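The values are calculated or read from the model by the stated rules, or taken from the named source; none is laboratory data. Because the structure is a prediction, the values reported are computed rather than measured. Cβ coordinates were reconstructed from backbone atoms using ideal geometry, including for glycine residues, and neighbour counts include every protein chain displayed. SASA here: full protein model, heavy atoms, side chains in, ligands and nucleic acids out. Shrake-Rupley method; radii C 1.70, N 1.55, O 1.52, S 1.80 Å.
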Amino acid sequence: MKKIKHYALMAFRALDVAGMARVDFLVTKKANRIFLNEINTIPGFTSISNVPQLWQASGLSYSALLDKLIQRCH
């Protein structure tokens, strides 16, 4: 998990992405190799979509996440 988080941040910075993005990876079971699949800069964003749910799991509510994203736009 640490490697994937690190690679996601590297990809985000390398492509000079701003705001939010979902970075998708493929991982092989046998060789445990990690492949960057895509960076989605406009992922689904309803309260039941993956991105808000992942933030919720890390302790940031949907409304707090929206507030942070709106603040970044100003």
On Cα atoms only, tilt of 62-72 relative to the major axis of the chain in degrees: 90 degrees
Order of exposure, largest accessible area first, which applies to Thr28, Thr46 with probe 1.4 Å: Thr46, Thr28
Residue-count net charge about Ser61 - beta-carbon cut-off 14 Å; Lys, Arg +1, Asp, Glu -1: 0
Probe 1.4 Å, accessible area per residue of the chain, Å²: 82 Å²
With DNA, RNA and ligands ignored, accessible area of Tyr7 (1.4 Å probe; Å², nearest 10): 90 Å²
Helical contribution to [θ] at 222 nm, DSSP H n ≥ 4, -39,500 (n - 2.57), averaged over the chain, rounded to 500: -13000 deg cm²/dmol
Trypsin sites (Lys or Arg not before Pro) within the chain, DSSP loop, no more than 12 other Cβ atoms inside 10 Å: Lys29, Lys30, Arg33
Carbon/sulfur fraction of accessible area - the chain, other protein chains in place, 1.4 Å, %: 58 percent
Relative contact order (percent, whole number), the chain, Cα cutoff 8 Å, 6+ residue spacing: 22 percent
Accessible area of Asp16 in the full protein assembly, 1.4 Å probe (Å², nearest 10): 130 Å²
Helix 2-14 vs. the chain, principal-axis angle (Cα, 0 to 90°, nearest 10): 70 degrees
Nearest-10 value in Å² for the accessible area of Ile42, using the 1.4 Å probe: 140 Å²
